[in-house]
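Chemist: Below: one structure in structure tokens.
The values are calculated or read from the model by the stated rules, or taken from the named source; none is laboratory data. Note that the structure is a prediction, hence the values are computed from the model and not measured. As a convention, Cβ positions derive from the backbone with ideal geometry for all residues, glycine included, and neighbour counts pool all protein chains shown. Heavy atoms of the whole protein, side chains included, go into the accessibility calculation; ligands, DNA and RNA do not. Shrake-Rupley method; radii C 1.70, N 1.55, O 1.52, S 1.80 Å.
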Amino acid sequence: MIAGVIQRLSVSQLKRHKLCPRAWFFQKVMRIPEPSTGAQQVGTEGHAQLEHFLSTGEDVLGTFAKAGAHLLPTPGPDLLVEQPLNGEPPLTAGGIPFTGFIDLVDARRLASDGVLRITDHKFTSNVATNAASAEQFADADTEPGLQMVGYGAWALSQVERFPGLRTLELEHLYYQTRGQRLAASVVATVPAEHVEREWQTKVEPQVEAMKEHAQAARASDVPANYGPACGKYGGCPFMAKCLTGENKTMSLRDKLLNKASESAPITVAAVERNAPELPAVLPPDAPTPTPVQTAPEVAQATEQPAPKRRGRPRKVAESEQPKGEMRVLFVDCIPTAFDGPKPESLTSYVDTMHRKVAEAGGVDDVRFAGSDSALGFGKWRGALAMAVRAELPPPGAYLALGVTQSELMQVVVEALEPAFDIVVRGVR
């Protein structure tokens, strides 16, 4: 991305944009980093094992991948493993070239039947509930179909490499990572003409929309897909910024070093009590949505004393403490009924505490502190937790969204929890 002009695309970008254009803007235009997850690490390792096995025949498959060994073709040099999309000619849409790799292309039936099989390996916690259907693979309006139609469109562009291609077998090979070790194959058999039509009528228009969205001055100018997309794949990592309207195009470094924000106090917004809804946590352009996550116990939370916690005894019993002097934290949920001050995002507090610790350690971002820093080797977590416990936010209600996707937010929430009067967590 250069000056709002898309230089190249990937199938994963298409999928992210299809799921939520604003999330794509946060990721690719604003370049806000996303933390990796344990599930991603398992997938990376499994893909590497499969690539080596299919290329060399050497059995290096781990326990997850080995469960699907019987569904794989016999290894050999004629298989195209980790096939790049940016060869000659590259896959394109809207005049923009694509990058990325196809896990496996099997042309062994091309000469005899005109059939080409394209396989993508998927590591998932539960095959039965997470596997896509064959019908979805043939429809570029679905997330799995967008990927597989894209791979099929690449194959159709390789006229000299795949002469006589008439039929595409689009396959997901699923490997289960929890519970029983098992694997399953889901295949859609589609004619070449169908894939070409899906790419031209559905993907090309989407790319034109992406070009327009890339020119937006701020994230709030890009449409957001509120609803199920917010909680998919463990929760959108940009949810907090989207919901609180923190959409200025500003890099992390700029934000940490912004002089104006250094003197800005952390305050709880003055709002009326007994509000049945919380429009302040939604951006102005948001429709009235079903809450991303709710906790049934929220409505009664202020009517009952909080459970006893370890640590120093409180001077005033929580059941007798005025609500305006309490600290309430909603973790990965948005209350629909709360008899107390309207919650504000915890993000500004996290950023302020992060900046103080980073400045003390002489770094811009504590997560990337080098080995020569006092915050290196993960020591920043203890330093940040200590700073948080020493400087709690003022009494009030706070929202901590996207906690699993932010190391900083995780550390702050864990440090704050013992000091808060009420903590309500969303149920996943």
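Chemist: Residues that are out of contact with any Lys or Arg (no Cβ under 8 Å at 6 or more places or on another chain) and closer than 27 Å to A209 by Cβ: does region 65-74 have at least one?
Modeler: Residues of region 65-74 that are out of contact with any Lys or Arg (no Cβ under 8 Å at 6 or more places or on another chain), as a first pass: 65, 68-72, 74.
Next, from what is left, pick out any that are closer than 27 Å to A209 by Cβ: none.
Looking through region 65-74, none of the residues is out of contact with any Lys or Arg (no Cβ under 8 Å at 6 or more places or on another chain) and closer than 27 Å to A209 by Cβ.
Every residue, every condition in (1) touching a Leu at 6+ places or on another chain (Cβ under 7 Å); (2) among the hydroxyl-bearing types (S, T, Y); (3) over 23 Å from A155 (Cβ atoms), yes or no:
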site: H47; (1), (2), (3): no, no, no
site: D59; (1), (2), (3): no, no, yes
site: P75; (1), (2), (3): yes, no, no
site: P84; (1), (2), (3): no, no, no
site: D106; (1), (2), (3): yes, no, no
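Chemist: In region 165-184, what count of residues is obtained for those that are open to solvent by less than 50 Å² (accessible area, probe 1.4 Å) and within 17 Å of V105 (Cβ to Cβ)?
Modeler: Number of matching residues: 8.
Chemist: Are there any pairs, at least 6 apart or on different chains, whose C-beta atoms fall under 9 Å, with the first in region 349-373 and in contact (Cβ under 8 Å) with a residue 12 or more places away in the chain and of a type in the set (D, E) and the second open to solvent by 30 Å² or more (accessible area, probe 1.4 Å) and not in a loop (DSSP other than H, G, I, E, B), and if so, which?
Modeler: Cβ pairs passing all conditions: D351/K255; D351/S261; D364/L252; D364/R253; D364/L257; D365/L252; D365/R253.
Chemist: Within the set of pairs 6 or more residues apart or between chains, which connect a residue that is touching a residue at least 60 places away in the same chain (Cβ under 8 Å) and of a type in the set (A, V, I, L, M, F, W, C) inside region 142-154 to a residue that is buried (at least 24 other Cβ atoms within 10 Å of the Cβ) and not in a helix (DSSP H, G or I) with Cβ atoms less than 7 Å apart?
Modeler: As it stands, the answer is L146/A140; A153/L91; W154/L91, since those pairs meet every condition given.
Chemist: Here's something else I'd like to know. Identify all residues within region 342-378 that are aromatic (F, W, Y) and part of a helix (DSSP H, G or I); write none if there are none. Reasoning before the result, please.
Modeler: The initial filter retains those residues of region 342-378 that are aromatic (F, W, Y), namely 349, 368, 377.
If the condition is that a residue be aromatic (F, W, Y) and part of a helix (DSSP H, G or I), then Y349, F368 are the ones that fit.
Chemist: Criterion first (modelled with pLDDT of 85 or more, among the aliphatic types (A, V, I, L, M) and touching a strand residue (DSSP E or B) at 6+ places or on another chain (Cβ under 9 Å)) does L399 satisfy it?
Modeler: Numbers: modelled with pLDDT of 85 or more: yes; among the aliphatic types (A, V, I, L, M): yes; touching a strand residue (DSSP E or B) at 6+ places or on another chain (Cβ under 9 Å): yes.
Yes: the conditions hold for L399.
Chemist: P335 - would you say it is of a type outside the set (A, V, I, L, M, F, W, C), part of a loop (DSSP other than H, G, I, E, B) and within 23 Å of the chain's Cα centre (by Cα)? Break it down into steps so the answer makes sense when it comes.
Modeler: On the way: of a type outside the set (A, V, I, L, M, F, W, C): yes; part of a loop (DSSP other than H, G, I, E, B): yes; within 23 Å of the chain's Cα centre (by Cα): yes.
Yes; evaluated as a whole, the condition is true for this residue.
Chemist: Looking only at region 379-409, how many residues end up being assigned to a loop (DSSP other than H, G, I, E, B) and open to solvent by less than 30 Å² (accessible area, probe 1.4 Å)? Give the steps one after another, and end with the answer.
Modeler: Of all residues in region 379-409, those assigned to a loop (DSSP other than H, G, I, E, B) come to 379, 391-395, 401-402, 406.
If we keep only those that are open to solvent by less than 30 Å² (accessible area, probe 1.4 Å) as well, we get 393, 401-402.
The qualifying residues number 3.
Chemist: Can you confirm whether A184 is modelled with pLDDT of 95 or more, over 28 Å from P21 (Cα atoms) and out of contact with any Asp or Glu (no Cβ under 9 Å at 6 or more places or on another chain)? Before you say what the answer is, go through the steps one by one.
Modeler: Values: modelled with pLDDT of 95 or more: yes; over 28 Å from P21 (Cα atoms): yes; out of contact with any Asp or Glu (no Cβ under 9 Å at 6 or more places or on another chain): yes.
When the stated conditions are applied, A184 passes them.
Chemist: How about region 174-245: which helices (runs of 4 or more DSSP H) wholly inside it have at least 1 residues that are under 22 Å from I118 (Cα atoms) and over 21 Å from the mean Cα position of the chain (by Cα)? Outline the logic, then answer.
Modeler: Details: elements: 192-198, 204-214, 228-231, 239-244.
Helices (runs of 4 or more DSSP H) meeting the threshold: 192-198, 204-214.
Chemist: Looking only at region 148-161, which residues are open to solvent by 10 Å² or more (accessible area, probe 1.4 Å) and out of contact with any Pro (no Cβ under 6 Å at 6 or more places or on another chain)?
Modeler: So the first thing to find is which residues in region 148-161 are open to solvent by 10 Å² or more (accessible area, probe 1.4 Å), and the list is 151, 153, 156-161.
Of everything in region 148-161, those that are open to solvent by 10 Å² or more (accessible area, probe 1.4 Å) and out of contact with any Pro (no Cβ under 6 Å at 6 or more places or on another chain) turn out to be Y151, A153, L156, Q158, V159, E160, R161.
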